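Report on the structure given below.
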Amino acid sequence: MAPHMNSSTSQVALRLWPGVVIVALQWVGRFVVPALWPQAGLFAVLGGLLGAVAVVVWWLFFSLAPWSERLGAVALMFAALAVTPRFLHVSLASAGQGVLFFVYALPLLSLMFVAWALVSRRLAPAPRWVAMAAAIVVACGGWTLVQTGGVTGGTDSDFFWRWAPTPEDRLLALADDDPIVAAGATVALSEADWPGSRRGDSWRTDQDRMGGLATG
């Protein structure tokens, strides 16, 4: 059977349903499953990354899009993913040894790309290219507007606006109002961020005591 022709663009109609299925499974696995089973967080992250790979494979080999769009879209996605980390807030750029950005950006990029393919399938080539570039840039570049305060639990991270005060900024502001309260908050934050330091101090104290008993 010959491929169905789209009468409005005189092009072969895109095969979109695999992309829709991939993104649906990707988002369910990445965000719904960990909410129900927190112990599956690592598998959810890997599923989100593999889902992005599956979207690229679908687009390149099974979408029936013109080859210029297939190759151009993949090139734009790789370029956006390569350039965006240079403009991220340092808390996000360095989080997870530089991996956290990709963990969150790839599912969003997959979703927006498939949404673009659905919405723009009847547009002329020029508007389709403009809409494609806009979807990719927004999906990746939007992360330059946020920063992260760290992992809140499991594989989830705490995001807030890039220009919002950081925890350190809030502590400094608190110090101006009440140094005693600020000192207590600083100690609490340090112990929460570095639980190993308390264990290390306790270990060294025990070692010192054992050394004193041995010499005595």
Out of segment 34-77, which residues are within 19 Å of S110 (Cβ to Cβ), of a type in the set (F, W, Y) and at pLDDT below 95? F43
With the condition kept exactly as written, say whether any residue in segment 81-99 is buried (at least 21 other Cβ atoms within 10 Å of the Cβ), touching a Leu at 6+ places or on another chain (Cβ under 7 Å), closer than 17 Å to W27 by Cα and in the same structural domain as V21 (by TED's automatic domain parsing). no
Determine whether segment 18-29 contains at least one residue that is of a type in the set (S, T, N, Q) and touching a residue at least 24 places away in the same chain (Cβ under 8 Å). yes
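The values are calculated or read from the model by the stated rules, or taken from the named source; none is laboratory data. For clarity, every value in this text was computed on a predicted model and none was experimentally measured. Note that we place each Cβ from the backbone using ideal geometry, even for glycine, and neighbour counts take in every protein chain shown.
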